[in-house]
Amino acid sequence: MLDFFTIFSKGGLVLWCFQGVRGPAATAPVNALIRSERGGNNSFTHEALTLKYKLDNQFELVFVVGFQKILTLTYVDKLIDDVHKEFRDKYRNEFQQKGALGLLNGTFDFKDDFMRLLRDAEESSKVRAPTVMKTFEQSLKSQKTVKCMIETRGEKPKEKVKNKKNKGSKKDGTEAVAAPSKASAGDKQLSAAGDKEELTKDEILQKNREEFFRRHMKAGEKSRSPKPDAQKEKGKKPRVWDLGNSNAKVLDYSNSATNGSAEACPVEEFDPDMALGDKNREPGRLYDLEYESDDEAEEEKVVQNPSKPSVKKGGLGGMFGMLKGLVGSKSLTREDMDPVLEKMKDHLIAKNVAAEIAVQLCESVAKKLEGKVMGTFTTVTSTVKQALQEALVQILQPQRRVDVLRDVMDAQRHRRPYVVTFCGVNGVGKSTNLAKISFWLIENGFSVLIAACDTFRAGAVEQLRTHTRRLNALHPPESHGGRTMVQLYEKGYGKDAAGIAMEAISYARNQGFDVVLVDTAGRMQDNAPLMTALAKLIAVNAPDLVLFVGEALVGNEAVDQLVKFNKALADHSMAQTPRLIDGIVLTKFDTIDDKVGAAISMTYITSKPIVFVGTGQTYCDLRSLNAKAVVAALMKA
């Protein structure tokens, strides 16, 4: 009845094999089973054969049985379990003591044992008595009378009445209702049945109509009855917000100075813990982005449950990915990789990677892998995925690394301020992240001068003034030997931004500030006059670091913004070697979950590093980029 039964190791070494008299060779079906990368299901069909298999993870053994798929062999599952137990127990000592050498040099004489187990399994299937059908007297239908199965028109079945809870007690009529005792319920049902039999069909119909109208009239009277407590007072009361203030004078800022000093502004009370966020943080430290991948979670589960043997299954591989080498290694071709690369491209685009960048990444991976000989126990999917992960990590780790603290200390030795200019489109968070970077620099012991060069947006100067006041409250001069750690240099609105930046740098040099942070107005990459003004500001003041501030929410737009910003800076610069963007500040990273593709798009198109990552609303929500964490989030299914 069986075509074959084979036992082999996961390394591909056949330990024992039983071949049927007229059955085909086991090589082709088993190789097809391995290529299929089966997972979870222990059955496989190949041409006219059905294969069932079982894995032994302790000794890394595979048991496979094959038989004609037109046959229904009920004893196969029992046979494969018995053979697995018998073979493992018989050669347990040999596997444990000799290991791999025991598989190579051992002799496994298992034919007699197998034939005995096969006979026992076949006999056990014959011993089972066939199921006997119930007689009519044994069925529930025989216990029902003919009278209880007759339903009169207008009468509801008894089962439905019993299932309804307390509904019958609220209705008037002659319907059967759950009574306190079985005897009284039976009497009522008999009397109701007797009345029904005496009435004609027309009389029954008329009676049901009267009951229907009577029930609905009562329901209408109940709904129309007025409720004494439901009367509402006339008139509309104004809403009072929990955090609001009815005093309009508190909200009146018309008399405050628009270009004055910080002392002229009202002192604002705020919670320092809310502004700082994490209390357990280390002051001045820039933490890396954190992300726990699926592989790390699985490793933790394995460590927590060491007593349970488990086989770790890859995300894109299968149960038999480890056996791929049994059918022979081969060199990768473009036809083999195209289906996998197409899925990878769609996956990258879904994770917010720009479409053009995703295509270029897949092309570079294909060129790198084409003609490569696959290793033992590897699949095309795992090979392509590994190559793509390595390429993504390499993209996020450019050759030039920006170390702001080191550069600031170098500028201190030359007795000059270190100048950083922020640029970007509207609404990406330039001023907010400038305040976060100011707080980070202050905690590292550097004094900061903020240059308010956004002279266009209403409220831009007031926003920086508020940040300056709060930063001074968190780091008062008393904590730094009487030295003011952060100041705002402002000249109001409508002025030349390049001139304000030049004056701020000169003021910082005279007053001994360590760092100057230049805030600029947001502008679209297509606005030629504003891009010309930005190029002028950078060319005139020659900052040490030009940071492009971009949000992590964008996809294809990130490529367009960076390309056109760099092009505008190059076209409108007067110098022979124009100053371009040096690094990137990636904001709103806490809003995207695992759609981190903007980081790949920005670094790929500029080859510039992501210096800072904004992850929240407090001053401490500033991180440095962790390439492996970003790639893990990007490759998450």
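The values are calculated or read from the model by the stated rules, or taken from the named source; none is laboratory data. Given the structure is predicted, the values throughout are model-derived calculations rather than measurements. Please note: Cβ atoms are built from the backbone with ideal geometry, for glycine as well, and neighbour counts cover all protein chains shown. For accessibility, only protein heavy atoms count, side chains too; no ligands or nucleic acids. Shrake-Rupley method; radii C 1.70, N 1.55, O 1.52, S 1.80 Å.
Diagonalising the gyration tensor over the Cα atoms of segment 332-392 and scaling each eigenvalue by 5 before taking the square root yields semi-axes of 20, 11, 10 Å, largest first.
Remark: accessible surface ordering of MET502, MET133 (largest first) is MET133, MET502, probe radius 1.4 Å. The mean sequence separation of alpha-carbon pairs under 8 Å and at least six residues apart, normalised by the residue count of segment 404-635, gives a relative contact order of 23 percent. Surface calculation, 1.4 Å probe, protein heavy atoms: LYS345 sits at approximately 50 Å² accessible.
The distance from the alpha carbon centre of segment 396-472 to that of segment 39-90 is 67 Å, rounded to a whole number.
Loop-located trypsin sites (Lys or Arg not before Pro) across segment 477-529 with a Cβ neighbour count of 10 or fewer within 10 Å are lacking, with loop assigned by DSSP. Over segment 2-126, the ratio between the Cα radius of gyration and 2.2 N^0.38 Å evaluates to 1.03.
Output the pairs from LYS52/LYS85; LYS54/LYS98; LYS385/LYS564; LYS436/LYS636; LYS345/LYS430; LYS351/LYS567 with a Cα-Cα distance over 25 Å in this structure; if there are none, say none. As for pairs spanning more than 25 Å Cα to Cα, those are LYS385/LYS564; LYS436/LYS636; LYS345/LYS430; LYS351/LYS567.
What number comes out for accessible area per residue over segment 2-126 if the probe is 1.4 Å? Units Å², please.
52 Å²
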